Every structure is written in structure tokens, then in C-alpha cells.
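Working notes, structure below.
The values are calculated or read from the model by the stated rules, or taken from the named source; none is laboratory data. These figures come from a predicted structure and were not determined experimentally. As a convention, Cβ positions derive from the backbone with ideal geometry for all residues, glycine included, and neighbour counts pool all protein chains shown.
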Amino acid sequence: MEEAAVDINSHAELAGNGGSCVPVVCDHANDDATAALFQRVAAEQDGRLDVLVNNAYAGVNAIMETAANPETGRAAKFWEKELWTWDASHNVGLRCHYVCSVFAAKMFVARGGEGGLIVNVSSFGGLQYAAFANDIAYGVGKAALDRLGNDMAVQLERFGVPVITLWPGAVKTELIEQRAGGGFGEHAETTQYSGLACVALATHLEDAMAMTGKVVLTTELAEQVCSGRAPTRIDRRSATEQWLIYLMAVCSTCLMLECMVERAELNCVLFCRIFRAVPCCLLAATTAADLLMLICCSLASAMWMATIRNLIHLTCVQICMHPRHTGWSVHRILST
């Protein structure tokens, strides 16, 4: 740890950014030790804390040690693992992130809304099954951490403290490289990469506040900072993809309406079915502009369907005039 602090300080001196790294050993499985750390920070910095990055995690060794079933040699399932593997991922991980956030929030709030930032380092394993980890506790912990950030953001918003959930890619930590034998992949992210993402957020607090409670990728921040822009959430869809979504939403709506007209549904039933379909169409809307565009597309499709219905009505009139040629009854035609 002392060597890491010296390395960080040398880089900071070369960059001319100022500040210094003070290494402190803290057992995050011990709440008293964690409380003592925050008390020390408050005493040495006159009660000031600017950024909390929740990144401590003790589950890596447990995941690697229990990855394979010793009897079969295949990937171990969750029921084949010891129960302590759950605690390894959640005690120094999810729980200690909550504990640190409690102590940090007290310091942020005591400053009367003069700033502060919480960054929870999570993973896409909170969104879908993380095959690389092969560990149920890992995914559950990351999903809970994402939700923890979202809910903390709600309560800290009025104090001007953004809470961001950061998703790095594969990261080449010292432990990972040591356990993986150095073959972790040349395209994996360095620990400094995530650190630069936290710096970008800390130096643009107003922009970070606009993203509070959300998940942000390190690659998103890198793309924005390198282009000279302030951190904001990026719409990952290209313009072509966005228009394809609009087209599919409109086409699906039109097909639904056309099918209902053909089946001669009553107007009330038609309205109910359209109403139930609206939330599905609005899933394509990620911003206010998307929603406005969908509304415009829906109005256009409604006008188009009105034209189609008028054509159907004219056809029905022709059928009424020649019912014997079609086999349709007047009663059925009028029911449409």
C-alpha cells in the first residue's frame, strides 16, 4: 500500500494536479474501523469530504476458489458452493458500501449542500447473468448496489449530492492479473481508467447531478471527456437505429389497428386495446424528444388509418349495393 501511495503521489506531482495520497489500512468488515476512518478524515480535513468511491470487494478470491466443482471439474453451481461464499461477496462489498455511504452522507449533509459525490463501482453483472464470475452472489450483490445508488440519490438530491453507479469493463487489478497469470487481455481497463472517470464526475458536479441515481459506463465518460464535453449520459442508439425503432412502433400500431378493423371490434374494445398497447410503444422513448417523435408518428399513423377506414367504408357501401355477389349480409357490414 505504501508503494501504491508513492506511485500515485509521483504521478500527481508530474501532472501538477496537487494533493497527496495518504494510505490507510481499514478492515471494512469491521464497522468500528470504518467509523474510525471517517472520524480521522473529519478531524484532519476540518469536517470536509468531497468524494466517496465505494469499491472495496472481498469476493474475488472466493469466486476463483469456488469456480470449479472439485469432484467433477466442471463449473460449480450455486448449490454446490459453501454458504460462506455469499458473505464473501456481500459483507465487504454491498454492506460495507452502505456503511461507508452512511458515514459520508452525514458529512455531506452537515456541510449544508456545499457539494459531495458518491460513486458506487458496480458491474453489468447486476443487469444480466455474469458468466465470467459464475457466482450467483456476485450478480445479486451488483444488482442490489445499483438499486442502492438509485435510492440514495433520491434522498440526497435536495442536498446537492449526486450518487453515480459506475460500470467499468474488465479491469486489470493486481489481484486479477496475479490470479489469471497475466493473461487477462490487453484490452481490459486499467484501474487508472476508472479513477479518471471518477475525476471527471468530481470536477463536473452539476453535470453529475443531472445523472444522479443512474448507471454510467466508464467508456461513456471517456468518450465525452476526450472530446472536451462535460459528462452526460449518452444515447447509445445511432440515428438509424432510432428511426428503425420509430418505424417498428408505427408499423406495429398500424397492423394492430388494421387487424381490429378487419375483425369488426366494437369501438370501446378497440380503444381499450390501443390504450393497453401504448406503454409498449413508449418503451422506445428514452428522452422527451423520443416521446414527441413517437406522438407525431402515432398521429400520422392515426391519419393514415382513418384514410384506410374510409376506403373500407366505401367498399362496404359497394357491398351493400351488391350483397348477392359477395355473400355478405347487410347486418354484418353495418357492424363494422
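Determine, yes or no, whether Asp46 is under 28 Å from Ala153 (Cβ atoms), at pLDDT 85 or above and loosely packed, with under 13 Cβ neighbours inside 10 Å.
Yes; evaluated as a whole, the condition is true for this residue.
Kindly check whether there is at least one residue in the stretch 192-209 that is out of contact with any Ser or Thr (no Cβ under 8 Å at 6 or more places or on another chain), at pLDDT below 85 and in a helix (DSSP H, G or I).
Yes, because at least one residue in the stretch 192-209 is out of contact with any Ser or Thr (no Cβ under 8 Å at 6 or more places or on another chain), at pLDDT below 85 and in a helix (DSSP H, G or I).
For the condition over 25 Å from Gly195 (Cα atoms), modelled with pLDDT under 95 and assigned to a loop (DSSP other than H, G, I, E, B), what is the one hit in Gly113, Gly73?
On the way: Gly113 fails: over 25 Å from Gly195 (Cα atoms).
After ruling out the rest, the residue left standing is Gly73.
Please go through the stretch 73-96 and give me each residue that is touching a residue at least 24 places away in the same chain (Cβ under 8 Å) and either among the hydroxyl-bearing types (Ser, Thr, Tyr) or within 15 Å of Ala35 (Cβ to Cβ) (or both), ordered by number.
Thr85, Ser89, Cys96 - these are the residues of the stretch 73-96 that are touching a residue at least 24 places away in the same chain (Cβ under 8 Å) and either among the hydroxyl-bearing types (Ser, Thr, Tyr) or within 15 Å of Ala35 (Cβ to Cβ) (or both).
Among all residue pairs at least 6 apart or on different chains, which show Cβ distances below 7 Å where the first residue, located in the stretch 183-208, is farther than 17 Å from Val171 by Cβ and the second is assigned to a loop (DSSP other than H, G, I, E, B) and modelled with pLDDT of 85 or more?
Between residues of the stretch 183-208 that are farther than 17 Å from Val171 by Cβ and residues that are assigned to a loop (DSSP other than H, G, I, E, B) and modelled with pLDDT of 85 or more, the close pairs are Ala202/Asp50; Leu205/Pro162; Ala208/Pro162.
Name the pairs: first residue in the stretch 107-128 and in the same structural domain as Glu157 (by TED's automatic domain parsing), second residue β-branched (Val, Ile, Thr) and in a helix (DSSP H, G or I), Cβ to Cβ under 9 Å, at least 6 apart or on different chains?
Met107/Val41; Gly116/Val109; Gly126/Val140
Inspect the stretch 89-100 for any residue being touching a Phe, Trp or Tyr at 6+ places or on another chain (Cβ under 6 Å), hydrophobic (A, V, I, L, M, F, W, C) and closer than 26 Å to Thr173 by Cβ and give the result as yes or no.
no
When you go through Val60, Val53, Val92, Val22 one by one, which is the residue that is at pLDDT below 90, within 27 Å of the chain's Cα centre (by Cα) and either crowded, with 16+ Cβ neighbours inside 10 Å or not in a helix (DSSP H, G or I) (or both)?
Details: Val53 fails: at pLDDT below 90; Val92 fails: at pLDDT below 90; Val22 fails: within 27 Å of the chain's Cα centre (by Cα).
So the residue among Val60, Val53, Val92, Val22 that is at pLDDT below 90, within 27 Å of the chain's Cα centre (by Cα) and either crowded, with 16+ Cβ neighbours inside 10 Å or not in a helix (DSSP H, G or I) (or both) is Val60.
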